[in-house]
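The values are calculated or read from the model by the stated rules, or taken from the named source; none is laboratory data. Keep in mind the model is a prediction, meaning the values are calculated, not measured. Every residue, glycine as well, gets a Cβ built from its backbone with ideal geometry; the counts of neighbours run over all protein chains shown. SASA here: full protein model, heavy atoms, side chains in, ligands and nucleic acids out. Shrake-Rupley method; radii C 1.70, N 1.55, O 1.52, S 1.80 Å.
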Amino acid sequence: MNLRRLLIIALAVPAIAGCRTGGIDVPQPQGPSKWDKAISEFYDPSVIPEIHIHISEDEWNRLLEEYDKDSNNSEYFHSDINIVRGGYVSSVQDAGIRLRGNTSRRRPESSKKHAVNSADWHHCHFSVNTHKFYEKGGPEFGKISRFDLKWFKDDPSYVREIYCYDLFRRFGVWTAINSVYSRLYLKVSSDTKEAYFGVYELMEHIDEDYLKARSERFGSSDGYLWKCRHSNGIADLTNADDRLFGIDDNVHSYAYEYKSDPESFSKAKDMMKDFIQKTGTLSGSSFMSWISSVMDVDLFLRTYAVNVAVGMWDDFWNNGNNYYLYFVPSGGSYKVYFIPFDYDNTLGTSLDCGVQSDAGRQDPYRWGRSENNLMTKLLQNSEWKVAYRDYLRQLCLAGGLSSFEEASSRIRGWQGMIRDYVSNDTGEDMTISDRPAPWGNHGEYRILSDGSDNFFKVKAAAVSAMK
């Protein structure tokens, strides 16, 4: 295939300011690396970039056809991407785009083939890969080759996932991805003008770029990455049956889906199985000593304090879902890191699931499953239990990063930034409102109203009751 000419006009935006962490001392790497700079420029929360996807009519029709054959297909389609921020334009020609999402995946246009200049558009999620159609390497935005574009499905507030990932980073959870607002435009070549899809979430993709950006903290970007989800089995780290493990092949679905070099799958699976088996069989001081040697327990407890503070019920502990694990070989053993993922169903969007029926009032000590669960076993250690409780107090009680006053101030600021850009050509999700997802079991929750049903106040009461 002939490679099309790459044009990069410029990429010049201010670096992101340091985040406040509520008095918590968060270690930082020594000096910014090329990856730190690239990440901070691309995911600058003070700028709302425009992302323009241009695609030929033939490729767009092929995307629609492939969706109709298999809505879960992972095929990429040829497109050109322009990103406009702060008056500067960055362009990549012949980038790959595809649809993404599990239960949220949708067909982006109603008609069987593209209706020129009269399309009935629908919000959907996209993934962009600028390297996809290049034999070696390929063009990038700075050093960013992959990112995701996510519409605010079932979130009338346009803020839940943005809030959660921001809170992780403010609280020193450096494994959390970057996530900021953007405005998305799509032009099919036969149309006379672009369609405006509205405000989208611009998200860091968890892959090699993500690992390289944090290689100093991980110790290596050449480890073993697993996506863990409730799919053909529950990913609660209590069962090491072979049927639960598999390589990401875009066809089969596994509870533990391997994302790194397929040639390393056997070694990676042995490592993952070892972690699951020892989590289940070790106890007492033997468990405490072992888990301290393979995991940064404090970082994990800090992560889970944020997870519970935002009411993430569709998670590892309660539903065996929505996280990544990254294993770094170390001597004859390994280090394992927990990566939080998928936080749109939070802040009062609740459902009867696992042991829960109310993600605001649920006892934080009994957030999810108990038998041989990693969190349950960690909380058997009195020092770690106190640390977990104190992190939740730091977050949720008066003056904390996720207290009503602090949270509502940030949320109002974000909504003010995007309010004028929400109306869009799909005709969907046209306003911002303070409600949880309509399918939830607690439609009374609010995140801005100062009343008894305010999620942050209800969460603070649940945290205050912790002994």
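Shape class for the range 179-337, computed from the alpha carbon gyration tensor (a ≥ b ≥ c): prolate, with a/c not under 1.5 and a/b above b/c. Under the combined filter of DSSP loop state and at most 12 neighbouring Cβ atoms within 10 Å, the range 176-268 retains these trypsin sites (Lys or Arg not before Pro): LYS193.
Accessible surface of the chain, 1.4 Å probe: 46 percent of it comes from carbon and sulfur atoms. Sequence-ordered 3J(HN,Hα) estimates for the range 230-236 from the Karplus curve with 6.51, -1.76 and 1.60 and θ = phi - 60° stand at 7, 8, 6, x, 9, 9, 9 Hz, glycine and proline given as x. With angles folded into 0 to 90 degrees, how steeply does helix 160-170 sit against the dominant principal axis of the chain? Use alpha carbons for both and round to 10. Orientation of helix 160-170: about 60 degrees from the principal axis. Computed from backbone phi, the HN-Hα couplings of the range 142-158 come to x, 10, 9, 10, 9, 7, 10, 10, 10, 7, 8, 4, 6, 10, x, 7, 6 Hz, rounded to whole numbers (Karplus: 6.51 cos²θ - 1.76 cosθ + 1.60, θ = phi - 60°; Gly and Pro given as x). Calculated mean residue ellipticity, 222 nm, the chain: -8500 deg cm²/dmol, from DSSP H runs (n ≥ 4) at -39500 (n - 2.57) each, averaged per residue and rounded to 500.
Report the local net charge at ASP222: Lys and Arg +1, Asp and Glu -1, summed over other residues whose C-beta lies under 15 Å from its C-beta. Charge balance in the 15 Å sphere: 0.
Going down the list LYS227/LYS335; LYS112/LYS132; LYS37/LYS212; LYS37/LYS335, which pairs span over 22 Å between their C-alpha atoms?
LYS112/LYS132; LYS37/LYS335, as the Cα separations exceed 22 Å there.
For the range 446-463, putting each phi into the Karplus relation 6.51 cos²θ - 1.76 cosθ + 1.60 with θ = phi - 60° gives couplings of 10, 10, 10, 5, 8, x, 5, 9, 5, 4, 5, 6, 5, 5, 4, 5, 5, 6 Hz, in residue order, rounded to whole numbers and with x for Gly and Pro. Between the amide H of ASP94 and those of SER79, ASP80, ILE81, distances stay under 5 Å, these residues lying 5 or more places away or on another chain, with hydrogens modeled in the peptide plane. Residues in the chain average 40 Å² of solvent-accessible surface per residue, probe 1.4 Å, ligands and nucleic acids excluded. Distance from the alpha carbon centroid of the range 399-463 to that of the range 278-315 works out to 29 angstrom.
Past the 32 Å Cα-Cα mark, which pairs from LYS113/LYS150; LYS259/LYS457; LYS273/LYS459; LYS34/LYS153? Violating the 32 Å Cα-Cα cut-off are LYS259/LYS457; LYS273/LYS459; LYS34/LYS153. Against the empirical curve 2.2 N^0.38 Å, the C-alpha radius of gyration of the chain lands at a ratio of 0.97. For the range 79-180, the fraction of C-alpha pairs farther apart than 24 angstrom is 41 percent.
DSSP finds beta bridges in the chain, and of those with both partners inside it, around 85 percent are antiparallel. Projecting the Cα atoms of VAL306, ILE247, GLY233 onto the dipole axis of the range 212-314, where Lys and Arg carry +1 and Asp and Glu carry -1 at the beta carbon, places VAL306 farthest toward the positive end.
Across all directions, the average projected area of the convex hull around the alpha carbons of the range 395-439 is 4.2 nm². Charged neighbours of GLY451, selected by a Cβ distance under 12 Å, balance to -2 (K, R count +1; D, E count -1).
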